[in-house]
Amino acid sequence: MRDIEPKESSAIEYVRQKFIETSNLFGFQFMEPSPIELLSVIETKSGPSIKNEIYYFTDKGDREVALRFDFTIGLTRFATSQKSMRLPSKISTFGGVWRYDEPQKGRYRFFHQWDIEIYGTPNIESDAEIIDFTSKFFTRLGLENIVIDVCDRELVETYVKDVFKSDSSDVISDILRAVDKIQKKKKQDIITEYREKGYSVPELEQILKFAEIKGLPEEIEKEIDTSKIKNWDKIVQLFDTLKNRGVHNVRINFGIVRGLDYYSGIVFEVFERGSDVGALVGGGRYDTLTKAFERNDLGATGAAGGVERIVLLLEKQKVDLQIKDARISVVFVNDDMQKIAIGIASQLRLKYIPTDVDLSGKSLKKQMEIASNSKRVIIVAPKEYDDNCVIIRNMENGSEKQVRIDVMLSDVESSLQL
């Protein structure tokens, strides 16, 4: 665990505000699921082995509970319990989650996630909406060189069955995990690992070669015979609607299958081109999870992103993370003017204007240094105050003017123009 200091907290708030703005653009309803879930509910999504990755305990009522490790499980539990919920239902959330993970740069035991989900009849437009949201959210954050890698889980599963001539769920899951590792490990290391498990190397090499194929639909159609690939038409349809939505930073990547077993259709991950940071976002269709909650009538698709990892990328790309709230500083020339300055600051705050004022009696020079990031500074000085006036200085160009205090407080916006 760690303390989140003001600078990092401010960066997280920057991401949060952009997320809320984008959620509103797309009509997602914001909520926050419970921070604690029954362990049995979490195991519905990820199986008993999830205990190794989460914080769980027995509460005072002798119930096995766990801290949430993501938002999908809580939102899906909520959505599947709402029998009269209007469909499609679009839900978003942002907050802290806990994982018993090995701490490293951009990966912590307590961290923040954003999450969006759409519940309703399964269709390509819902999948496209999630990808469209993700693309526009990253644009709104000010990030560049972002690529969204898309695949279809069923497409890869069918290819694995054909190559290995097996319908065994254990074999398919094992090989999908190998495909998932392509993004993180050397190809030869994967082959060595799976040879020791008893898998045929030629078949495994064929799968890994397939998993390295990337490109737009028209590019892949020139490279391989797509007529024999299951769900290829669905991938093409997805790209058509994304093109119609103006989403161009997307490509097919047969190596994207997502590690969790409950994904059932379109899946995707988001990366910075040329970076080895890893996935910034993961998402896809997971209709099997709603079925596990006994809602066979309800499909689901969604995405989630790690905020701290996104903050690292924002800093790397030197994106300005300052939240633009046009702060004003009120400074005073001497101790006699401090009380007046504090009173003016309070009046401005009553009008919902972000205002700073020194509380400790610093010199005017020091106050002005601290106020250098403010757009406007109001200077309270004895001579001007005798005339019921203050000086307003534009900190961007150094211009000044004198304004009556009562006039300024009655029309702040006009008074600050100079």
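Couple of notes before you dig in:
- Scanning segment 401-418 for residues that are of a type in the set (Asp, Glu) and either surrounded by 12 or more Cβ atoms within 10 Å (Cβ to Cβ) or without any contact (Cβ under 8 Å) to a residue 12 or more places away in the chain (or both) yields 411, 413.
Listed here are the residues, each with its yes/no results for (1) in contact with a Cys (Cβ under 7 Å, 6 or more places away or on another chain); (2) among the aliphatic types (A, V, I, L, M); (3) assigned by TED's automatic domain parsing to the domain that holds residue 339.
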site: 352; (1), (2), (3): no, no, yes
site: 357; (1), (2), (3): no, yes, yes
site: 368; (1), (2), (3): no, yes, yes
site: 376; (1), (2), (3): no, no, yes
site: 386; (1), (2), (3): no, no, yes
site: 393; (1), (2), (3): no, no, yes
site: 396; (1), (2), (3): no, no, yes
site: 399; (1), (2), (3): no, no, yes
site: 402; (1), (2), (3): yes, no, yes
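- Subset of segment 188-200 that is buried (at least 16 other Cβ atoms within 10 Å of the Cβ) and of a type outside the set (Val, Ile, Thr) - its residue that is farthest from residue 258 (Cα to Cα): 199
- Count - residues of segment 276-325 that are within 24 Å of residue 144 (Cβ to Cβ), assigned to a loop (DSSP other than H, G, I, E, B) and out of contact with any Leu (no Cβ under 8 Å at 6 or more places or on another chain): 8
- Residue 142 being surrounded by fewer than 16 Cβ atoms within 10 Å (Cβ to Cβ), in the same structural domain as residue 24 (by TED's automatic domain parsing) and in contact (Cβ under 8 Å) with a residue 24 or more places away in the chain: yes
- Within segment 253-264, the set of residues being crowded, with 23+ Cβ neighbours inside 10 Å and either in contact with a Gly (Cβ under 7 Å, 6 or more places away or on another chain) or among the polar types (S, T, N, Q) (or both) comprises 253, 263.
- The set of residues in segment 322-351 that are surrounded by 12 or more Cβ atoms within 10 Å (Cβ to Cβ), free of Cβ contacts under 8 Å to residues at least 12 places away in the same chain and of a type outside the set (Lys, Arg) comprises 343, 346.
- Selection within segment 158-192 - touching a residue at least 40 places away in the same chain (Cβ under 8 Å) and not hydrophobic (A, V, I, L, M, F, W, C): 158, 159, 173, 177, 180, 183, 184
- Residue that is surrounded by the most Cβ atoms within 10 Å (Cβ to Cβ), among those in segment 82-95 that are at pLDDT below 95 and either in contact with a strand residue (DSSP E or B) (Cβ under 6 Å, 6 or more places away or on another chain) or of a type in the set (Ser, Thr, Tyr) (or both): 88
- Among the residues of segment 81-119, those identified as among the basic types (Lys, Arg) and within 26 Å of residue 298 (Cα to Cα) are 83, 86, 90.
- Residue identified as in contact with a Phe, Trp or Tyr (Cβ under 8 Å, 6 or more places away or on another chain) and surrounded by fewer than 18 Cβ atoms within 10 Å (Cβ to Cβ) among 203, 129: 203
- Residue that is surrounded by the most Cβ atoms within 10 Å (Cβ to Cβ) [pool: residues in segment 151-170 that are more than 33 Å from the chain's Cα centre (by Cα) and farther than 22 Å from residue 234 by Cβ]: 164
- Residue check, residue 135 at pLDDT 95 or above, surrounded by 19 or more Cβ atoms within 10 Å (Cβ to Cβ) and within 15 Å of the chain's Cα centre (by Cα): yes
- Of all the residues in segment 296-305, those that are at pLDDT 95 or above and surrounded by fewer than 22 Cβ atoms within 10 Å (Cβ to Cβ) number 1.
- For residue 121: the one exception among (1) within 29 Å of residue 55 (Cα to Cα); (2) surrounded by fewer than 20 Cβ atoms within 10 Å (Cβ to Cβ); (3) β-branched (Val, Ile, Thr): (1)
- Residue within segment 100-114 that is in a helix (DSSP H, G or I) and in contact with a strand residue (DSSP E or B) (Cβ under 7 Å, 6 or more places away or on another chain) present: no
- Filtering segment 211-241 to residues that are of a type in the set (Ser, Thr, Tyr) and either closer than 19 Å to residue 269 by Cα or not assigned by TED's automatic domain parsing to the domain that holds residue 187 (or both) leaves only 241.
- Of the candidates 270, 247, 281, 319, the single residue that is surrounded by fewer than 21 Cβ atoms within 10 Å (Cβ to Cβ), β-branched (Val, Ile, Thr), touching a strand residue (DSSP E or B) at 6+ places or on another chain (Cβ under 8 Å) and modelled with pLDDT of 90 or more is 247.
- Taken over segment 4-57, the criterion of being of a type in the set (Gly, Ala, Ser), in a helix (DSSP H, G or I) and loosely packed, with under 15 Cβ neighbours inside 10 Å is satisfied by 9, 10, 40, 49.
- Applying the condition of being aliphatic (A, V, I, L, M) and outside any helix (DSSP H, G or I) to segment 206-238 and asking which residue is modelled with the highest pLDDT yields 216.
- Test result for residue 393, assigned to a strand (DSSP E or B), of a type in the set (Lys, Arg) and in contact with a strand residue (DSSP E or B) (Cβ under 9 Å, 6 or more places away or on another chain): yes
The values are calculated or read from the model by the stated rules, or taken from the named source; none is laboratory data. What you are looking at is a predicted structure, and each value in this text was computed from that prediction instead of being measured. Note that each Cβ is placed from the backbone with ideal geometry, even for glycine, and that neighbours are counted across all protein chains shown.
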